[in-house]
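Have a look at the structure below before the remarks.
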Amino acid sequence: MTNTTMTTCYAHPARETTLRCKRCERYICTSCAIHTPTGYMCKDCVRERQKVFDTAMWYDYLIGFGVTFALSIVASAITAFVSTLIGFYGIFAAIFIAGGAGTLIADIALRAVKKRRSKILFTSCAAGVVFGALPAILFLFFTGQIFALIGIGIYLFVATPAVYARISGIQLTR
């Protein structure tokens, strides 16, 4: 005769399970289990691990937003000026300006926040790029400069994800 003991989920004592968290060894049911690349973990252990990677301080959000906002004002003004100066070909120049500006803005913002990390920090820096371009967009809209508006649109389309990806550490190529 085999002696089997019933094991239940630590969060749901009415649910029988044999699944364990790979980190704390507590029994977990399928609704409590989170699949990770190395096995299943309970929600508490996953939350604890995420805190290790979120190193940003409360003021980093303001610094990141402020730096990207200020630099985006400058970059969008340069993009608008070049797009107005060159005309149709300014659209192509905007692509190059935006790529370089996005990289430069992200590098300066990373130094300003001392390379601390947080998902909210990445988003606030990307928002700084968008809000920094708004003054140029409003000015160009009311003055009717279509090519410059298109150039700013391209700038936002290229620079915003470039800043987010660079600050968050996303690598598209190795």
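The values are calculated or read from the model by the stated rules, or taken from the named source; none is laboratory data. No experiment lies behind these values; they were computed from the predicted model shown. In this analysis, Cβ positions are derived from the backbone assuming ideal geometry, glycine residues included, and neighbour counts consider all displayed protein chains.
The set of residues in the range 122-147 being of a type in the set (A, V, I, L, M) and modelled with pLDDT under 90 consists of 146 alone. May I ask you to list the residues in the range 85-115 that are over 14 Å from residue 153 (Cβ atoms), surrounded by 14 or more Cβ atoms within 10 Å (Cβ to Cβ) and at pLDDT below 90? Across the range 85-115, the qualifying residue is only 86. Residue 93 meets each of the listed conditions (1) part of a helix (DSSP H, G or I); (2) among the hydrophobic types (A, V, I, L, M, F, W, C); (3) free of Cβ contacts under 8 Å to residues at least 12 places away in the same chain apart from (3). Of the set (1) assigned to a helix (DSSP H, G or I); (2) farther than 23 Å from residue 119 by Cα; (3) not assigned by TED's automatic domain parsing to the domain that holds residue 127, all apply to residue 74 but (3). For the range 93-110, the criterion of being closer than 29 Å to residue 126 by Cα and of a type in the set (D, E, K, R) is satisfied by at least one residue. In the range 26-71, of all residues being among the charged types (D, E, K, R) and assigned to a loop (DSSP other than H, G, I, E, B), the one that is modelled with the highest pLDDT corresponds to 26. Considering every residue within the range 115-122, establish whether at least one is outside the structural domain of residue 13 (by TED's automatic domain parsing) and either closer than 29 Å to residue 146 by Cβ or over 23 Å from the mean Cα position of the chain (by Cα) (or both). Within the range 115-122, none of the residues are outside the structural domain of residue 13 (by TED's automatic domain parsing) and either closer than 29 Å to residue 146 by Cβ or over 23 Å from the mean Cα position of the chain (by Cα) (or both).
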